Amino acid sequence: MNKFTHLTEDGKAQMVDVSQKVPTAREAIARGKVVLGEKVFQAVVDQNIPKGDLFATARIAGILAAKKTANLIPLCHPLPLTKVEVDFSLSPEDKSLNIEARAKTVAQTGVEMEALTAVSVAALTVYDMCKGIDKALRITEIRLVKKTGGKSGTLILE
């Protein structure tokens, strides 16, 4: 039977003790998508979002969220992030906005949660800034696509 690392022997929640692990360079990349629909897609292309600069605002929101991940996810370690990037690309085929976040650190545990949180909050920010045009936006496909570093090494999921 697998031992749950976030539970004590008597079943209580715990933060995993990583104090004996050697800090290593770690990186994680996550992606997500916001399906915009025709009207919002065109407003994004035309840079005509009433609430302002969509990409700058969503990028900053994602970076700030990555920095606050340990405050949002129970039992997640606070990490000294060395880099967080959030990038966007438009997909005319399905009228969507693709979001990619990259988080880096030198630490004793990985940055997957930080990259995933950055994508999630960037997507929520896109929704918030565009919902006045159309509330039928859909946030989809948030996932980890790559991680490097640590005991388990490199994992590529896409």
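Which entry in (1) 0.95; (2) 0.98; (3) 1.05 matches Rg/Rh (Cα atoms, Kirkwood Rh) derived from the coordinates of this structure?
The listed entry that was calculated here is (3).
What list of ³J(HN,Hα) couplings, whole Hz, do you get for the stretch 144-158 from phi and the Karplus terms 6.51, -1.76, 1.60, once you set θ to phi - 60° and write x for glycine and proline?
Each residue of the stretch 144-158 in turn: 7, 10, 7, 9, 10, x, x, 4, 7, x, 8, 10, 10, 9, 8 Hz.
What's the extension gain from Leu75 to Thr154 if we count 0.36 nm per residue and subtract their Cα-Cα distance?
Value of the extension gain: 26.1 nm.
If r is the Cβ-Cβ distance from Arg138 to Lys68 and R0 is 25 Å, what FRET efficiency results, to the nearest 0.05?
Efficiency for this residue pair is about 0.50.
Using alpha carbon centroids, what distance separates the stretch 94-157 and the stretch 17-58, in Å?
6 Å
Tabulate in residue order the Karplus-calculated ³J(HN,Hα) for the stretch 53-69, using 6.51 cos²θ - 1.76 cosθ + 1.60 with θ = phi - 60°, rounded to whole Hz; enter x for Gly and Pro.
My calculation for the stretch 53-69 gives 6, 4, 5, 5, 5, 5, 5, 5, 4, x, 5, 4, 5, 4, 5, 9, 3 Hz in order.
Out of Ala25, Cys130, Thr140, whose Cα points farthest toward the positive end of the dipole of the chain (charges: +1 Lys, Arg; -1 Asp, Glu; placed on Cβ)?
Towards the positive end, the residue furthest out is Ala25.
Per-residue HN-Hα couplings for the stretch 132-139, Karplus 6.51 cos²θ - 1.76 cosθ + 1.60 at θ = phi - 60°, whole Hz, x for Gly and Pro?
Residue by residue, the stretch 132-139 yields x, 7, 7, 7, 7, 5, 10, 8 Hz.
Aspartates and glutamates near Lys135 by alpha-carbon distance under 15 Å, same-chain residues fewer than 8 away left out - which ones?
Reachable aspartates and glutamates: Glu38.
Between Ala13 and Glu85, what FRET efficiency comes out of the Förster formula 1/(1 + (r/R0)^6) with R0 = 30 Å and r the beta carbon distance, rounded to 0.05? Write down the numbers at each step before the final one.
Details: r = 32 Å, r/R0 = 1.07.
After rounding, the FRET efficiency stands at 0.40.
Could you do me a favour and compute the accessible area per residue for the chain, 1.4 Å probe, result in Å²?
Spelled out: the 1.4 Å probe surface of the chain, per residue, equals 58 Å².
By per-residue mean of other Cβ atoms within 10 Å, what is the highest-first order of 6-12, 98-104, 18-24, 67-73? Please list the in-between numbers first.
Numbers: 6-12: 8.3, 98-104: 23.7, 18-24: 10.6, 67-73: 15.0.
Ranking, from highest mean packing down: 98-104, 67-73, 18-24, 6-12.
At 0.36 nm per residue, and after removing the present C-alpha to C-alpha distance, how many nm does the segment from Asp53 to Lys3 gain when stretched out fully?
Net length gain for the segment: 13.3 nm.
Lysines near Lys146 by alpha-carbon distance under 27 Å, same-chain residues fewer than 8 away left out - which ones?
Lys3, Lys21, Lys33, Lys67, Lys68, Lys83, Lys95, Lys104
About its Cα centre, what dipole magnitude does the chain give when the only charges are +1 on Lys and Arg Cβ and -1 on Asp and Glu Cβ, stated in debye to the nearest 20?
280 debye
Tally up the carbon and sulfur contribution to the accessible surface of the chain as a whole percent, 1.4 Å probe, everything protein left in place.
55 percent
The values are calculated or read from the model by the stated rules, or taken from the named source; none is laboratory data. From a predicted model like this one, the values you see are computed outputs, not experimental measurements. For neighbour counting, all protein chains shown are included, and Cβ atoms are generated from backbone atoms with ideal geometry for every residue, glycine included. These area figures cover heavy atoms from the full protein model, side chains too; ligands, DNA and RNA do not enter into them. Shrake-Rupley method; radii C 1.70, N 1.55, O 1.52, S 1.80 Å.
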